[in-house]
1. Looking only at strands (runs of 3 or more DSSP E) that lie completely in region B:149-235, which have at least 2 residues being under 20 Å from B:LEU50 (Cα atoms) and in contact with a Lys or Arg (Cβ under 9 Å, 6 or more places away or on another chain)?
2. Does at least one position in region B:28-36 carry a residue that is over 30 Å from B:GLU126 (Cβ atoms), more than 11 Å from every other protein chain (Cβ to nearest Cβ) and touching a Pro at 6+ places or on another chain (Cβ under 7 Å)?
3. Give me the helices (runs of 4 or more DSSP H) completely within region A:137-218, filtered to those with at least 1 residues that are under 30 Å from A:ALA122 (Cβ atoms), ordered by residue number.
4. Among the candidates B:GLU215, B:GLU194, B:GLU169, single out the residue that is exposed (fewer than 15 other Cβ atoms within 10 Å of the Cβ) and either touching a Gly at 6+ places or on another chain (Cβ under 9 Å) or among the acidic types (Asp, Glu) (or both).
5. For region B:157-178, name all the residues that are more than 13 Å from the chain's Cα centre (by Cα) and acidic (Asp, Glu).
6. Of the conditions (1) over 30 Å from A:GLY17 (Cα atoms); (2) out of contact with any Pro (no Cβ under 6 Å at 6 or more places or on another chain); (3) buried (at least 18 other Cβ atoms within 10 Å of the Cβ), A:TYR129 fails just one. Which one is it?
7. With the structure loaded, tell me whether A:SER124 is within 30 Å of B:LEU158 (Cα to Cα) and either at pLDDT below 95 or in contact with a strand residue (DSSP E or B) (Cβ under 8 Å, 6 or more places away or on another chain) (or both) or whether it fails that test.
8. Which one of these does A:PHE3 not meet: (1) in a helix (DSSP H, G or I); (2) surrounded by fewer than 15 Cβ atoms within 10 Å (Cβ to Cβ); (3) over 23 Å from the mean Cα position of the chain (by Cα); (4) not aliphatic (A, V, I, L, M)?
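The values are calculated or read from the model by the stated rules, or taken from the named source; none is laboratory data. From a predicted model like this one, the values you see are computed outputs, not experimental measurements. Note that each Cβ is placed from the backbone with ideal geometry, even for glycine, and that neighbours are counted across all protein chains shown.
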Amino acid sequence: MQFKLSILMQNFPYLIGGLKLTLSLTLLAMLFGIALGLALALLKISKNVLLKRAASTYIEIIRGTPLLLQILVVYYVFPGFGIEFNAFTAGIVALSMNSAAYISEIFRAGIESISEGQMEAAFSVGMNYAKSMRYIILPQTIRRVLPPITNEIVAMLKDTSLVMIISLAELTYRSKQISAATANVITPYVAAGAIYLIITIPLTQYAQRLERRFSKGD
Amino acid sequence: MIKTVNLTKKFGNLTVLEDINFSIKQGERVVIIGPSGAGKSTFIRCLNFLEKPTSGEVYFKGEKITEKSNLPHLRQRIGMVFQHFNLFPHLTALQNVTIAPMKVKGMRKKEAGDIAMYYLLKVGLEKRVKHYPRQLSGGEKQRVAIARALAMQPDLMLFDEPTSALDIEMIQEVLETMEQIAQEGMTMIVVTHEISFAKEVADRLIFMADGSIVEESTPKEFFTEPKTERAKKFLSKVVSVYTY
């Protein structure tokens with residue numbers, strides 16, 4: 001068994017097709033995940049005990065169960081309650097719901113790291129809570145959460161491979177198909193791994209650079 | 001303009017302020033001094049409800065302030081300058097001053113910019129408008145903070161130890177700015193340790209200790225003939241520090 005360039009060349013377009021699906025899943029899940037994660041973070045720091053507890057419970061459930069199980073639940077269990085998705089949408093929903101829980105904790109920590117004086121200064125010039133958040137606290141939070149959110153994007157990119165369980169033909173799934181069809185396990189898996197790394201290594205380095213820059217103060 | 005009746009503030013079991021009865025008229029300048037831990041900052045923060053009083057009342061222009069009042073609206077009328085400046089680090093000096101007029105009063109950028117420039121000029125920072133807070137010295141930061149508060153055109157200004165976090169050589173520029181505002185007739189309540197400022201600017205001086213107003217008089221009376229032992233003790237320490 002050895003790496004065969006011919007097998008790679010022949011199946012390269014098919015793999016790239018899988019990569020496109022991987023990237024769309026990552027992008028969409030991150031967009032929804034960030035929006036939902038921010039909302040969850042705001043609920044969690046709110047003074048309303050009920051909202052706070054609801055957000056905490058959601059985060060606990062998501063963080064305490066495997067993503068693979070969450071994907072299965074969204075695809076196979078939700079339809080029983082009348083919520084039906086095609087595989088792609090189910091994948092997006094499960095990945096978004098999952099990343100939201102992790103991102104909300106990043107946002108919460110980011111918001112809480114802004115000194116209390118900022119909120120007080122915003123209040124002192126007549127801003128209400130919503131305006132203080134929007135114009136003063138969140139713009140400062142964004143800079144601080146950028147590195148951990150970039151890391152979250154890397155994690156998400158890799159985790160999208162789990163949607164193969166509901167037969168979504170993303171990158172990993174396609175490499176498995178190719179290995180079955182060509183009876184060569186090394187070539188497609190090495191190729192898929194290389195493609196992941198081409199994307200994840202620069203992202204990780206970018207996150208580290210941001211972190212260094214922000215840790216210097218500005 | 002502002003009045004408190006039996007204002008009391010407790011943090012848990014600790015009583016920080018006890019039965020403070022205070023009032024200030026339009027155009028009056030009141031300086032509050034006293035040892036640290038006297039409750040001076042807590043008191044001034046209760047006036048715009050950044051701290052919620054445990055009991056007692058605060059009246060602003062005859063209207064009782066409660067937790068249910070329109071606090072954002074009220075705070076537009078009461079400017080505040082903090083010990084640690086609390087400038088918005090993601091905004092330039094100019095944006096620090098325009099943000100509230102724009103987002104709170106709904107002014108256009110041009111109009112808010114004109115007002116901001118007027119006040120930045122007044123505090124002597126017209127050449128630093130594009131700088132971010134991190135590019136400014138402590139004294140400059142505090143003057144931007146003063147311009148930020150003034151740009152909302154408040155009826156009353158609260159200063160919470162505005163020079164305590166500054167290096168010696170920057171204290172003067174901030175005090176001069178404050179004196180200038182006082183000369184223009186602004187109603188001011190200033191918590192400070194700056195004796196010379198108190199002497200020059202204050203119409204009335206309040207000495208606080210252990211959560212209460214211990215003595216209330218003109219600065220001249222207070223510094224030459226303090227009535228209480230507590231004030232005498234405090235002054236003996238302050239005078240030795242400031243060596244006059």
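1. Here the list reads B:156-160, B:187-191.
2. no
3. Output list reads A:138-159, A:186-215.
4. B:GLU169
5. B:ASP167, B:GLU169, B:GLU173, B:GLU176
6. Exception for A:TYR129: condition (3).
7. yes
8. (1)
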